[in-house]
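To keep things clear, I will list the structure first and then write my remarks on it.
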Amino acid sequence: MRSAATSKGKAVARIVIALHAAPAASVPAQSRSLLAYHYAQAALVSGHHIDMVFFYSAAVMHAQQPAETETVALWQALAHEHNIPLVICNTVAETTYNMNVDELVAPFQNGGLSEFSMAAAATDHVIQF
């Protein structure tokens with residue numbers, strides 16, 4: 001782990017969030033996406049930096065067309081407001097969910113475990129939901 005930088009005397013952490021739950025999953029799995037979103041909000045308000053949100057397993061469905069859930073809209077707004085990359089595992093999306101990864105809901109982007117590993121290695125904390 002890298003040491004956290006300071007801003008006005010407070011420790012500032014760099015965070016990567018890994019999400020595994022689908023946006024419209026049954027309760028309580030659905031609440032994991034909202035919990036991750038609220039965690040990200042709280043971290044940002046506290047002055048921390050979110051380097052990436054990585055969507056793995058069933059969470060890749062956040063980026064599927066059409067995006068009709070409120071949870072997806074919340075992630076999109078957070079990403080736009082704070083310039084946070086929303087990266088899905090394209091291998092899982094293609095092989096498990098038969099998603100067309102060339103038609104992802106904006107601002108979701110293709111990536112993989114390599115991108116996630118590089119981001120995790122350069123951050124202070126990896127938080128999984």
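Residue check: is ALA58 at pLDDT below 95 and either surrounded by fewer than 18 Cβ atoms within 10 Å (Cβ to Cβ) or in a helix (DSSP H, G or I) (or both)?
Considered against the rule, which asks whether it is at pLDDT below 95 and either surrounded by fewer than 18 Cβ atoms within 10 Å (Cβ to Cβ) or in a helix (DSSP H, G or I) (or both), ALA58 comes out as yes.
Here's a check for you: in the stretch 105-123, which residue that is in a helix (DSSP H, G or I) and small (Gly, Ala, Ser) is farthest from ALA73 (Cα to Cα)?
Across the stretch 105-123, the extreme among qualifying residues is ALA121.
Any residue in the stretch 89-98 that is within 13 Å of the chain's Cα centre (by Cα), at pLDDT 95 or above, outside any helix (DSSP H, G or I) and within 20 Å of ILE127 (Cβ to Cβ)?
Yes, because at least one residue in the stretch 89-98 is within 13 Å of the chain's Cα centre (by Cα), at pLDDT 95 or above, outside any helix (DSSP H, G or I) and within 20 Å of ILE127 (Cβ to Cβ).
Is it the case that some residue within the stretch 84-105 is crowded, with 16+ Cβ neighbours inside 10 Å and in contact with an Asp or Glu (Cβ under 7 Å, 6 or more places away or on another chain)?
yes
Which one of the conditions (1) surrounded by 14 or more Cβ atoms within 10 Å (Cβ to Cβ); (2) touching a residue at least 12 places away in the same chain (Cβ under 8 Å) does HIS80 fail to meet, given that it meets all the rest?
Among (1) surrounded by 14 or more Cβ atoms within 10 Å (Cβ to Cβ); (2) touching a residue at least 12 places away in the same chain (Cβ under 8 Å), the lone unmet condition for HIS80 is (1).
Can you pull out the residues in the stretch 45-55 that are in contact with a helix residue (DSSP H, G or I) (Cβ under 6 Å, 6 or more places away or on another chain) and either of a type in the set (A, V, I, L, M, F, W, C) or modelled with pLDDT under 95 (or both)?
Residues satisfying the conditions are ILE50, MET52, PHE54, PHE55.
Of the conditions (1) among the β-branched types (Val, Ile, Thr); (2) over 15 Å from the mean Cα position of the chain (by Cα); (3) over 22 Å from ALA13 (Cβ atoms), VAL45 fails just one. Which one is it?
(3)
The values are calculated or read from the model by the stated rules, or taken from the named source; none is laboratory data. Model, not experiment: these values are computed from the prediction. Reconstructed Cβ throughout: ideal geometry from the backbone, glycine too, with neighbour counts over all protein chains shown.
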